[in-house]
Amino acid sequence: MSGFYDWLAVLADRGSLPEAFRFAFFARGLLSILVLAPLLGGMSHLVVARRLSFFSAALGQAALTGLAIGLLLGEPIDRAHGGIFGFCTLSALAMVWVKRHARLPADTLVGVFLSLTLGLGICLLVAVTKRFNVHQVEAVMFGSLLTVTDGDLALLATLAVVVAAVLGWIYNRLLLESLDASIAQAAGVRTALLEYVFVLLLTAAIVVSLKVIGALLIEAMVVVPAAASRNLARSTRAHLFGSIFTALVAGVGGLFVSTRFLVPSGGAVVLAMSAVFFATLALAALRGGARRPA
Amino acid sequence: MAARTRSVRWLQRGSRGEDGPRVVEVLPPSRRDETTWVLLAAGFVVLAVIYVVAFERFGAIDRAGAQAGAKGLLPFQVLFRDLPSPRQRVFRAMQEGAAEAVSKRAASGAWPTVASLAEDGIPPFAPDPLDETALRWELRNDGLLRQYVGIPAREGDPAWLVSIAEPEPQGGEKPVPGVVDEEHQSLPDGRLLHVTLWSGTSVPATGVLAEPALRGWKQVRVTSPFEEIERRAGSGGR
Amino acid sequence: MSTSPVLEIADLRIDRESRRVLEDVSLEVLPGSIHFLVGPNGAGKSTLLQAVVGLVDFEGRITLRMRGSGRLGWVPQSFAVDRTLPITAGEFLALSRQRRPVCLGVGRRVRARIDSLLASVGLDGFSRRPVAELSGGELQRLLLANAIDPAPELLLLDEPSGGLDEAATSRLEEVLARLSRQSGTAVLVVSHDRGQVRRLADRVTIVDRAVRRSGSPDEVLGGDAALAPEIR
C-alpha cells in the first residue's frame with residue numbers, strides 16, 4: 001500500500017490532486033470513507049426502519065467500555081479488537097433479548113443499557129488511564145484519521161463485503177419484518193433470527209467505523225443519512241441510494257474540512273451530514289409547497 | 001402439487017397422514033429456545049475474545065523483537081532505534097535540550113529563549129562544529145503551546161520540533177499515580193507538561209505547527225506505548 | 001370437498017397479563033369453506049388468529065393439514081408500519097415475490113404480476129404509490145393483495161372490512177368467494193358485519209373467551225338476539 005500512497009503523493013506534488021494527498025493518513029482516511037459511506041449509509045435506512053437509532057448510540061458507548069476492557073486485558077490501544085468487538089457483541093445480544101422479552105418500551109430498555117455501559121466504561125477508564133496516555137483514548141471517542149492503519153482498512157473492506165453479502169441475502173425478509181413482524185411470520189420468515197442477525201451486522205459495522213468516526217458520533221452516521229434521504233425519497237430504492245450518496249458526500253467533504261481546519265474527523269463528517277439533512281429538509285419543504293394547489 | 005417445505009420456526013416439520021396431507025403442528029414462540037441460542041452465541045463470543053487476546057499478548061513474543069517493539073505505535077509514530085544514526089544523534093540532543101528547557105521553566109516560570117539555551121551550551125541549541133545538520137532553532141508560542149522549531153539550512157533535510165503543551169492555568173492535568181511516560185513531565189506544583197518530539201519536512205514560515213501529524217510529521221519515541229506499559233507493569237506500576 | 005380440516009384447533013388456552021383470554025377453544029376450518037369468528041370486543045378473536053400465526057404463547061393444539069403449497073395468508077387488523085417510510089406499494093408486494101433486494105429495484109416480470117394483483121383488489125396503477133400516501137381502506141386492500149397471491153391454503157383475516165367502503169367491501173367478498181370456491185382456500189375471518197356473515201359464511205363460531213356456539217349461519221345467527229347482539 002505504501003507504493004500507492006507514494007504515487008498519490010507524487011500526483012499531489014504535481015498539482016493533479018489536492019495537497020492533502022501528500023500524506024498517507026489522508027489517503028487511508030479517504031479510502032475508509034469510500035468503504036464506510038456505502039456500508040453505514042446503506043445500513044442506515046434499515047436502522048431507521050427498525051427504529052434502532054438509540055440502540056446505535058448505546059453500541060457506540062459500549063465500544064468505549066469495550067476498549068477499556070481490552071486495554072485492561074493487555075490489548076494494544078490501536079488494536080483492542082477483542083475487547084471492543086466482544087463487549088459490543090455481548091451488549092447487542094443482551095439488548096435484543098431483553099427488548100424481546102421485557103414489558104418496558106424499547107427506548108427505555110436501551111436507555112438502561114446505555115447508562116450501564118457508560119457507567120462501567122467511566123469506572124474502567126479511570127483504571128485504564130493509569131496505564132495509558134488518555135489522549136489516545138480521546139481518538140477513539142471522537143475519531144482520528146491518524147490512527148487508521150492499513151490493517152484497519154483491510155478489516156473494514158473485508159467486513160463491508162461480508163455485511164453487504166449477508167444483507168443482500170436477507171434484505172427482503174428483513175425489510176418485511178421491519179414493516180410488520182406478523183406478516184413476515186406468516187410468510188415463513190424467521191423473525192427472531194433475523195432480528196439478532198441484523199443487530200450483529202450493525203454491531204460489526206459500527207465497531208470497524210470507530211477509528212474514523214468515533215464512538216460518540218457513530219450514531220449519527222447510521223441515522224442521519226437515512227433521515228436526510230427520507231426527506232426526498234419516494235421509494236425504497238431512492239431511500240437507499242440517497243442514504244449512500246449523503247454519507248459519501250458528507251464523508252469526503254468532512255474529511256477535507258477535518259484536515260484543513262484541524263478538527264476531529266468524526267465531528268467534521270457528522271456536521272457535513274447534518275448540513276445535508278437540513279438542505280434536503282428545505283428542498284422537501286419547497287417541493288411540498290410547489291405541489292400544493294394555488 | 002408437492003408440498004413446499006417451509007422453514008418457519010413455529011411450524012414443526014410434520015409427517016404425511018394416511019390421506020395425503022402434510023400434517024404440521026403450530027408451536028408457540030419458545031423463550032427457552034431463544035435464550036439457549038443467545039447464551040451459546042455469547043459463550044462463543046467470550047471464547048473468541050479469549051483467543052484473540054491471548055494471540056495478541058502471547059503470540060507476539062515469538063515474533064522478532066523489532067516487530068514486538070513496534071506494537072502499539074500509531075501510524076504517525078516512529079521509534080528512535082529505527083532512525084538512521086545522524087537523526088538519532090539529533091534526537092538525543094533534543095531530548096537533552098527539552099529536559100533542560102523544562103527544568104528552567106519549572107525553576108523560573110518562563111520558557112528559556114534559544115539564545116539563552118545556546119549561551120549555556122545546551123544541545124542542540126548551542127552551535128556544534130561536528131553537527132552537520134546546521135539547524136536554526138526558534139521558539140514559537142501560541143496560547144498554551146510552546147514549540148522549539150529546528151529549521152534545516154539545506155532544503156530536503158528533515159526539520160525537528162519539540163512541542164510542549166502547557167497545562168491550563170486553572171487546574172491543568174495532574175499526574176495520575178503510576179503514570180510516568182516519556183510524553184509527560186511534571187512541574188513543581190504537580191501539573192503535567194505534555195512534551196513530544198517530532199521530525200518532519202514542512203515548517204510554516206511563522207507560528208506554531210498545530211497537529212504536526214496532520215502535516216505529515218512523525219513523532220519520535222524511545223519506546224512504544226506497549227513496551228512502556230509492560231515496563232511499568234513489571235516495575236509494579238511506579 | 002375433502003372432509004379433513006385444513007385447520008384444527010383443540011383445547012386452546014391463552015393467558016395474557018395473568019388474565020385468561022381464551023379457554024378450551026376448539027374449532028375446525030374445512031378446505032374451500034369460509035368460516036367466520038364473531039363475538040364482542042375483547043372476546044379473544046384476534047388473539048386466536050394470532051395464535052395460529054404463531055405470535056402468542058398458548059396451550060393446547062393447533063394443527064394444519066396442508067395438501068398443496070402450504071402457504072398461509074394473513075391480513076392483520078392494522079398495519080403497524082412507520083407510515084413515513086418511503087416504500088411503494090409495488091415494493092411492498094415484491095418483498096415476498098422476488099429474490100433480488102427490492103432496494104435494487106423490482107424485476108419486470110414481478111412488476112407485471114404485481115400490477116395484475118393490485119388491479120384484482122381495485123388498486124389499479126398503485127404500484128409506484130408510496131404506502132405512506134394510501135388511505136386506510138387502500139392499505140387494507142394492499143394487505144389483502146399480499147395475502148392472496150399465490151392462493152393460500154389457509155387465509156386468516158382480522159376485521160378486513162374495517163375502513164372499506166361499500167364497493168371495496170363487495171370486491172373483498174368477491175375475492176374471498178372466488179378463493180374458497182376456485183382455489184379451495186380455507187378462510188377464517190374475524191368480523192362484526194352481520195350482513196357479510198350471512199352473505200359469505202359457510203360456518204360461524206361465536207367466541208367470547210370460549211366457544212359459545214358454532215354451526216351454519218342460520219343455526220348460529222338466526223333468531224337468537226341474545227347471543228348475537230354484538231353483530232350489526
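The values are calculated or read from the model by the stated rules, or taken from the named source; none is laboratory data. Predicted model only: the values in this text are computed from it and were never measured. Positions of Cβ are backbone-derived with ideal geometry, glycine not excepted, and every protein chain shown enters the neighbour counts.
For the reader, a short list of remarks on this structure follows.
- Of everything in the stretch C:51-92 that is within 14 Å of chain B (Cβ to nearest Cβ) and free of Cβ contacts under 8 Å to residues at least 24 places away in the same chain, the residue that is farthest from C:L27 (Cα to Cα) is C:L55.
- Residues (in a loop (DSSP other than H, G, I, E, B) and within 14 Å of chain B (Cβ to nearest Cβ)) located in the stretch A:98-130: A:A102, A:R103, A:T129, A:K130
- Screening B:T196 against (1) among the polar types (S, T, N, Q); (2) under 20 Å from the mean Cα position of the chain (by Cα); (3) modelled with pLDDT under 90 leaves a single unmet condition, (3).
- Candidates B:A126, B:A115 - the one that is assigned to a loop (DSSP other than H, G, I, E, B), under 21 Å from B:V195 (Cα atoms) and over 30 Å from the mean Cα position of the chain (by Cα): B:A126
- Within the stretch B:6-16, one or more residues are more than 7 Å from every other protein chain (Cβ to nearest Cβ), more than 29 Å from A:V96 (Cα to Cα), at pLDDT below 90 and assigned to a loop (DSSP other than H, G, I, E, B).
- Condition check for A:V140: more than 22 Å from A:A24 (Cβ to Cβ), in contact with a Leu (Cβ under 8 Å, 6 or more places away or on another chain) and surrounded by 19 or more Cβ atoms within 10 Å (Cβ to Cβ): no
- Members of the stretch A:11-42 that are of a type in the set (F, W, Y) and either in a helix (DSSP H, G or I) or surrounded by fewer than 20 Cβ atoms within 10 Å (Cβ to Cβ) (or both): A:F21, A:F25, A:F26
- From the list A:F87, A:F55, the lone residue that is crowded, with 22+ Cβ neighbours inside 10 Å, at the interface with chain B (Cβ under 9 Å from one of its Cβ atoms), closer than 30 Å to A:A227 by Cβ and in contact (Cβ under 8 Å) with a residue 24 or more places away in the chain is A:F87.
- Index of the failed condition, A:A12 passing every other in (1) free of Cβ contacts under 8 Å to residues at least 12 places away in the same chain; (2) more than 14 Å from chain B (Cβ to nearest Cβ); (3) closer than 28 Å to A:V249 by Cβ: (2)
- Residues of the stretch B:141-156 classified as in contact with a Gly (Cβ under 8 Å, 6 or more places away or on another chain) and surrounded by 15 or more Cβ atoms within 10 Å (Cβ to Cβ), total: 1
- Filter pass, A:V96 being under 26 Å from B:V53 (Cβ atoms), surrounded by 19 or more Cβ atoms within 10 Å (Cβ to Cβ), touching a residue at least 24 places away in the same chain (Cβ under 8 Å) and not basic (K, R): yes
- Qualifying residue in the stretch C:145-154 (condition: in a helix (DSSP H, G or I) and away from every other protein chain (no Cβ under 14 Å)): no
- Any hit, the stretch A:151-164, residues being modelled with pLDDT under 90, among the charged types (D, E, K, R) and in a helix (DSSP H, G or I): yes
- Search result, residues across the stretch B:199-224 that are under 13 Å from the mean Cα position of the chain (by Cα) and either farther than 16 Å from B:L73 by Cα or assigned to a strand (DSSP E or B) (or both): B:K218, B:Q219, B:V220, B:R221
- Tabulated pairs, the stretch B:135-156, first outside the structural domain of B:P86 (by TED's automatic domain parsing), second in a loop (DSSP other than H, G, I, E, B) and surrounded by 13 or more Cβ atoms within 10 Å (Cβ to Cβ), C-beta under 6 angstrom, 6+ apart or interchain: none
- Among the residues of the stretch C:180-226, those that are free of Cβ contacts under 8 Å to residues at least 12 places away in the same chain and not in a helix (DSSP H, G or I) comprise C:G222, C:G223, C:D224, C:A225, C:A226.
- Matching helices (runs of 4 or more DSSP H) fully within the stretch A:180-282 where at least 1 residues are away from chain C (no Cβ under 14 Å): A:191-213, A:218-230, A:236-261
- The single condition among (1) surrounded by fewer than 19 Cβ atoms within 10 Å (Cβ to Cβ); (2) within 14 Å of chain A (Cβ to nearest Cβ); (3) under 17 Å from the mean Cα position of the chain (by Cα) that C:D158 does not meet is (1).
- C:R141 vs. criteria crowded, with 23+ Cβ neighbours inside 10 Å and away from chain A (no Cβ under 14 Å): yes
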